[in-house]
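Coordinate-derived values only; no laboratory data. All values reported here derive from a predicted model rather than from experimental measurement. Cβ placement follows ideal geometry from the backbone for every residue including glycine, while neighbour counts extend to all protein chains displayed.
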Ligand code: NAD
């Protein structure tokens with residue numbers, strides 16, 4: 001009798017897992033169902049570009065039907081609200097439940113607000129295409145309103161957090177806001193971009209020389225860094241800092257971190273304090289058999305026992321490995337432990353600049369680094385068989 005394999009989430013991990021599982025197993029052996037909130041896969045590593053209109057939404061939205069049309073994978077558009085591992089069922093928003101024999105959870109992460117008052121209510125975030133769209137519309141409206149209202153806070157943009165996401169966004173702001181100012185007839189010197197970071201420096205974890213290059217490039221394009229300054233409270237149009245200072249800004253974006261998905265925590269999977277599920281060497285939940293947990297939902301430790309950052313590259317490697325594990329679950333045979341192979345990390349600083357480290361020691365900066373990042377996106381599109389459909 002065929003196994004019911006249910007994969008939750010068509011992000012980097014879930015989609016690659018569905019494609020691989022289809023490759024390994026015949027439809028007589030397994031019925032693969034991929035559940036996703038939207039009918040499309042989102043290239044979320046490029047959301048900062050869409051948030052300023054530098055890249056079209058269409059190019060970041062890949063219709064799942066197009067990717068799956070020639071595969072024995074049933075797409076179920078729906079939002080997961082509950083996972084009941086003891087009953088081996090998943091409950092969706094419309095009340096339907098899906099039974100499974102083998103489950104793959106790849107529903108991504110959530111924004112971490114650290115309990116900072118007002119942050120969730122009054123700051124933009126950048127975790128989906130819809131959020132990028134909202135931010136873009138808001139930024140454009142600030143420029144459109146300025147000639148009528150003449151309020152300087154309309155032209156003040158605050159990004160909270162100078163990790164990867166914050167830096168990539170301020171890089172886009174630095175490139176795009178001068179253009180928007182020009183179009184609206186607003187003097188460029190009135191536009192202020194602040195990047196507020198609690199840690200002593202930006203891009204924690206990156207090599208010092210690359211951080212310096214990034215900082216210099218962004219400062220030269222007008223970004224004002226405030227480091228060692230945690231945001232403590234947010235009100236509509238006001239960012240409170242632990243120094244007692246308040247920044248008046250119409251645009252406040254929070255890129256201060258992520259945590260595991262609450263649905264996974266609520267389902268009783270063993271998690272760490274940041275809500276990431278503990279998995280064994282084969283990506284299975286440590287307390288529920290037959291359940292794989294991938295991508296940002298999972299806690300994967302490196303050789304030093306520290307969590308790997310939740311990146312797209314790690315997610316798709318987990319997806320590919322999980323396809324093999326599912327094959328072994330159905331056909332038998334020995335599984336190999338999951339070994340991440342992190343090729344490097346590249347942070348873009350706008351459309352013409354980036355910093356990156358590839359392998360253990362190769363460092364790259366400038367347009368070349370940006371092209372490396374673009375190439376890695378193409379590599380991924382090729383992997384999911386969608387290299388031409390996203391342009
Ligand atoms: P992050 O956790 O990497 O960075 C968040 C930053 O916000 C930290 O530097 C933190 O000190 C700061 N912060 C926290 N509280 C604050 C406060 N109260 N006030 C001011 N600053 C505060 O989060 P992220 O940038 O959203 O990235 C999330 C994950 O995704 C990371 O693991 C990252 O490596 C990964 N990522 C990778 C890429 C890439 O590979 N190109 C791109 C984006 C994100």
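Assorted remarks:
- Each 20 Å bin from 0 upward holds the following percent of the Cα-Cα pairs of the chain: 27, 55, 17, 0.
- Cα centroid of the stretch 2-69 to Cα centroid of the stretch 313-346, whole Å: 17
- Rounded to the nearest 10 degrees, the inclination of helix 12-24 to the longest alpha-carbon principal axis of the chain is 30 degrees.
- Packing here is the average count of other Cβ atoms within 10 Å per residue, and on that basis the peptides 330-339, 112-121, 16-25, highest first, run 16-25, 112-121, 330-339.
- Computed over the stretch 119-254, relative contact order equals 33 percent, with contacts defined as Cα pairs under 8 Å that lie 6+ residues apart.
- Taking the C-alpha atoms only, the angle from helix 164-184 to the longest principal axis of the chain is near 50 degrees.
- Relative intensity of the stretch 66-109 on a log10 scale, I(q)/I(0) at q = 0.19, 0.20, 0.26, 0.27 Å⁻¹, equals -0.69, -0.75, -1.06, -1.09, per a Debye sum over C-alpha point scatterers of equal strength in the absence of solvent.
- Considering only the stretch 1-151, percent of DSSP beta bridges that pair antiparallel, nearest 5: 40
- Interatomic Cα distance distribution for the stretch 1-124, bins of 10 angstrom, percent: 12, 36, 32, 16, 4, 0
- For the chain, share of DSSP beta bridges that run antiparallel, in % to the nearest 5: 50
- As a proxy for reagent exposure, ranking 368, 318, 226 by other Cβ atoms within 10 Å from fewest up yields 368, 226, 318.
- Working from Cα pairs under 8 Å separated by at least six residues, relative contact order for the stretch 229-338 is 15 percent.
- Shape annotation for the stretch 131-256: C-alpha extents along the principal axes are 43, 29, 26 Å, from largest to smallest.
- When the P(r) of the stretch 17-84 is calculated, the portion above 21 Å amounts to 40% of the C-alpha pairs.
- C-alpha long axis of helix 208-220 to longest principal axis of the chain, angle in °: 50
- Estimated 222 nm signal from helices in the chain, with DSSP H stretches of n ≥ 4 weighted -39500 (n - 2.57), rounded to 500: -10000 deg cm²/dmol
- Antiparallel %, DSSP beta bridges [both residues in the stretch 156-272], to 5: 35
- Percentage relative contact order, the chain, counting C-alpha pairs under 8 Å, at least six apart: 20
- Square roots of five times the Cα gyration tensor eigenvalues for the stretch 260-391, Å: 30, 18, 14
- Cα pair count fraction exceeding 18 Å, expressed as % - the stretch 302-351: 46
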